[in-house]
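A.B. asks: Dumping the structure here so I can ask a few things about it.
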Amino acid sequence: MLQAHQERGSALYGTPLAKLLVRRGQAHSLLSPSGHFRAHYDLTGWDAVNPTDADHSGVPDYVETVTAVLDSVWRFEVDQLGYQPPPSDLGAGGGDEYDVYVVQLGQGSVYYGLTYPDQSGPVTSSFIEIDNDYLDPAYINTRGLSALRVTLAHEFFHAIQFGYYQGADGSWWQEATATWMEEMAYPEVDDYLYYLTAFLSHPERALDSGTGLSRDIFTYGACLFPHLLSQRWHPDLVRQVWAEFGVQQSANLDLLDAILRRTLTRGLDEAMGEFAVWNYYTGSRYRDGYYREGERYPLVRVRDLQVASGGTTSDSGWVDHAGTAYLRLEPQLRGGGVVLGLSLPRGQWESQVLANAPDAVTRQRPTAKLFRLAGWDRYAEVVVALTNQEHSGSAYPYTVTVNHDSGLVDQPAPVVASLAPNYPNPFHPDRQEQTLICFQLAQACPSATLSLYAVDGRLVRRFDLGPRAARAGEVAWDGRDQHGALVASGVYFYVLEAGAFRAAKPSAVVRTSEKEVR
């Protein structure tokens with residue numbers, strides 16, 4: 001779905017087409033219950049709405065729904081979130097209410113809605129056009145009432161934005177935050193998900209590149225940045241940015257940095273560093289603690305580097321300002337570690353190394369040109385994220401060199417494989433959170449499992465441990481079975497299977513609750 005607004009400061013104005021971008025003279029209108037909006041509509045002709053009037057009010061049901069949704073959006077964006085109402089148009093649409101025109105947009109158009117400024121300049125009143133049913137074939141992803149809701153949340157936020165600042169340097173922020181507002185107002189719709197591939201497929205592009213006036217939906221996918229601000233810190237950060245843009249009548253990244261420094265110690269640099277990490281942990285890479293719906297997001301594009309045992313490889317590329325490049329290595333259970341050489345000849349950068357184990361993430365920020373990561377066989381993958389911290393400019397070059405060193409270990413490999421008694425044992429799940437089952441492997445194996453059985457041989461719980469390096473490991477058991485229920489008192493056996501190694505140990509569980517599961 002492409003939603004956009006037109007700006008009078010663009011090349012569009014002053015052309016013959018500009019004469020068409022005026023308020024429509026529709027035959028009917030309806031004031032919203034709150035009195036904040038007036039919806040204009042036709043009952044005949046190209047723009048006609050469905051005349052169905054189930055409540056016999058004399059007004060089509062669709063128009064009544066439009067005004068109800070508009071009032072809901074006002075309550076959320078103005079009354080609840082604290083944004084200032086859009087500027088008055090001084091009666092341009094027939095009254096002081098904000099004007100919304102219900103027209104035919106779904107045929108021969110890619111727009112769900114448009115917000116038109118009434119005049120040039122940094123601040124202006126405006127009006128909105130929306131579709132007359134959102135049921136045309138052009139509306140592929142989101143249709144009907146869901147489309148109406150997110151469109152009005154998006155477009156009315158543009159109207160609010162125009163009361164702060166509508167300069168072209170903030171067009172990316174306009175679209176990013178309007179798309180973010182869709183999800184804030186109507187989280188059940190999730191239309192914003194359709195834009196994310198365009199953004200995450202090009203992480204090296206500048207955050208503020210693209211405009212809402214083009215069909216490049218990268219700027220809509222940039223809604224991830226206000227999502228980061230609102231989820232990592234607070235939703236009001238977005239409002240604070242808009243308020244200061246309005247005071248300064250500017251939206252450049254230097255100003256954004258200054259605003260964020262009121263909350264974040266390192267301002268935009270800190271936010272972009274977090275942004276680089278959060279954008280990696282999406283889709284199949286998702287980890288708890290990042291985007292709330294991150295499991296549903298596409299994967300950010302990475303460059304995979306192959307390094308032979310004892311060998312060296314390198315990769316070069318470029319990143320625009322406020323963009324990130326990702327390079328990934330897979331240890332494949334090989335012992336030793338890697339030495340990373342970073343060459344960043346122009347601009348300011350933040351380098352991060354994300355070492356991902358099955359159950360943990362290690363995040364480090366190299367401060368030198370050489371970085372050593374010992375014992376990399378602990379990890380399923382090692383990711384280098386290079387974020388350019390400049391506020392302007394493009395094509396900043398980088399080169400990363402990787403050398404595998406088999407002697408770069410963090411600890412000696414176990415001589416023999418073993419499975420230790422769990423601790424505590426007996427385990428009291430009613431008053432103890434977990435019991436630890438520790439083991440060590442003398443050889444790497446492509447897969448390992450730890451299974452718990454009752455004395456009658458019934459499987460109680462199985463942990464898939466995945467590929468395991470030749471080193472120590474542990475599993476925490478909370479006393480629950482495969483279905484999440486606490487097990488009853490008794491003796492259980494846990495069995496470790498890792499390659500050719502197999503071992504079993506008993507564990508006693510003691511329940512003290514009167515409502516013990518039998």
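A.B. asks: Would you confirm, using the coordinates I've provided, whether Gly337 is under 30 Å from Cys223 (Cα atoms), surrounded by 15 or more Cβ atoms within 10 Å (Cβ to Cβ) and either modelled with pLDDT of 95 or more or among the polar types (S, T, N, Q) (or both)?
C.D. replies: No, not satisfied.
A.B. asks: Here's another thing I want to ask about it. Has the stretch 105-112 got at least one residue that is closer than 19 Å to Glu183 by Cβ and crowded, with 16+ Cβ neighbours inside 10 Å?
C.D. replies: Yes; the residues of the stretch 105-112 include at least one that is closer than 19 Å to Glu183 by Cβ and crowded, with 16+ Cβ neighbours inside 10 Å.
A.B. asks: Identify all residues within the stretch 285-339 that are free of Cβ contacts under 8 Å to residues at least 24 places away in the same chain and either assigned to a strand (DSSP E or B) or in contact with a Gly (Cβ under 8 Å, 6 or more places away or on another chain) (or both); write none if there are none.
C.D. replies: Tyr286, Gly294, Glu295
One line per residue, one yes/no per condition, for (1) assigned to a loop (DSSP other than H, G, I, E, B); (2) open to solvent by 10 Å² or more (accessible area, probe 1.4 Å); (3) touching a Pro at 6+ places or on another chain (Cβ under 9 Å); (4) within 22 Å of Val319 (Cβ to Cβ):
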| residue | (1), (2), (3), (4) |
| --- | --- |
| Trp172 | no, no, no, yes |
| Glu188 | yes, yes, no, no |
| Tyr194 | no, yes, no, no |
| Thr197 | no, yes, yes, yes |
| Ser209 | yes, yes, no, yes |
| His227 | no, no, no, yes |
| Gln231 | no, yes, no, no |
| Val241 | no, no, yes, no |
| Gly246 | no, yes, yes, no |
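A.B. asks: Of the conditions (1) assigned to a helix (DSSP H, G or I); (2) farther than 30 Å from Val409 by Cα; (3) open to solvent by 10 Å² or more (accessible area, probe 1.4 Å), Glu274 satisfies every one except a single condition; which number is it?
C.D. replies: Exception for Glu274: condition (2).
A.B. asks: Still on this model: Within the stretch 74-111, work out how many residues are within 26 Å of the chain's Cα centre (by Cα) and at pLDDT below 95.
C.D. replies: Final tally of qualifying residues: 2.
A.B. asks: Please determine, by comparing only the residues of the stretch 136-148 that are closer than 15 Å to Tyr194 by Cβ, touching a helix residue (DSSP H, G or I) at 6+ places or on another chain (Cβ under 8 Å) and modelled with pLDDT of 95 or more, which one is surrounded by the fewest Cβ atoms within 10 Å (Cβ to Cβ).
C.D. replies: Ser146
A.B. asks: While we're here: Limited to the stretch 340-362, what total is found for residues that are in contact (Cβ under 8 Å) with a residue 40 or more places away in the chain and more than 30 Å from Gln443 (Cβ to Cβ)?
C.D. replies: Looking only at that region, the number is 11.
A.B. asks: Let me ask another. Provide a single number: the residues in the stretch 440-470 that are open to solvent by less than 40 Å² (accessible area, probe 1.4 Å), more than 28 Å from Phe427 (Cα to Cα) and in a strand (DSSP E or B).
C.D. replies: Total meeting the criteria: 1.
The values are calculated or read from the model by the stated rules, or taken from the named source; none is laboratory data. Just so we're clear, the structure is a prediction, and the values are computed from it rather than from any experiment. Virtual Cβ from ideal backbone geometry, glycine too; neighbours counted across all protein chains shown. Note: areas computed on protein heavy atoms with side chains; ligands, DNA, RNA excluded. Shrake-Rupley method; radii C 1.70, N 1.55, O 1.52, S 1.80 Å.
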